[in-house]
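Here is the structure we will look at.
Bear in mind that the values in this text are calculations on the coordinates, not laboratory data. Predicted model, so just to flag it, every value in this text is computed and none were measured. Positions of Cβ are generated from backbone atoms using ideal geometry, with glycine treated the same way; all protein chains shown enter the neighbour counts.
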Amino acid sequence: MAESEHKPAETPEEFLSRWSRRKRDAREEALKPPAPVTPATAEEAPKLPPLEELGIDSDYRGFLHPKVDETLRRAALKKMFSDPHFNVMDGLDVYIDDYSISDPLPASMLAELKQAQKILGWAKESDEEAQKRRAMTPQQEVEAEAAAEAAALAAQEAEALPPATAEDPAKPAPLTQKTDDEPGAPPQTA
């Protein structure tokens, strides 16, 4: 490194005086009047056709000039994009559905869901049953739910079994007494 490239350290007074001078120059620059507008920068808005005559083949570049009023620009663009030419689906229309709205679950599927069974059970319970359920401790509530599930499972298994017949060896036939004098009478159980 050469000696001419080495800068001596700046003292705090020098730093503050330079900072103060730059700040003063910036204030004076802000107070100066703006430079006069030259004819090159004083462009006027281009002549524009009436909005009623605009079509798909019209030139809309003039409406995008910075000197054109914003409402006129928006009206021209609205006229241009209202043309049926721009109302063509692009092939990606499978993605335009509203997937935030889901189809309701069928009742048969809801009946199979354990949480839905609990909710529907709570909806059907009376005020007295609800108070009893709220008064239960968590342990009692778990035991009650287990008992209810076991009863529901037993009921489902009972419905799934075929009806017992007289020939079924696992189940004895019901005890009935039949009288000969009443041929159409229902059987009596003992």
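Using θ = phi - 60° and the Karplus curve 6.51 cos²θ - 1.76 cosθ + 1.60, what whole-Hz ³J(HN,Hα) does each residue of region 144-153 get, with Gly and Pro shown as x?
These are the phi-based 3J(HN,Hα) values: 5, 5, 5, 5, 5, 5, 5, 5, 5, 5 Hz.
So how much slack lies between Asp25 and Ala150, counting 0.36 nm per residue of separation and subtracting their Cα-Cα distance, in nm?
Details: separation 125, 0.36 × 125 = 45.00 nm, distance 8.95 nm.
Here the answer is 36.0 nm.
Could you work out how much longer the chain between Glu14 and Val142 gets when fully extended? Use 0.36 nm per residue separation minus the Cα distance between them, nm to one decimal.
On the way: separation 128, 0.36 × 128 = 46.08 nm, distance 8.18 nm.
37.9 nm is the gain from fully extending Glu14 to Val142.
Cross-link partners among lysines for Lys79, C-alpha distance below 29 Å, same-chain residues fewer than 8 apart left out?
Reachable lysines: Lys47, Lys67.
Would you kindly state how much longer the chain becomes between Lys118 and Asp83 on full extension, computed as 0.36 nm times their sequence separation minus their alpha carbon distance, in nm to one decimal?
7.0 nm
So which lysines pass the test for Lys32, namely a Cα distance under 17 Å, with those fewer than 8 places away in the same chain ruled out?
Lys23
7 Å from Cα along Cα→Cβ at both Leu110 and Glu159: what's the point-to-point distance in nm?
It works out to 1.7 nm between the two label points.
Under 27 Å between alpha carbons, and skipping anything fewer than 8 positions from Lys124 in its own chain: which lysines qualify?
Lys114, Lys132
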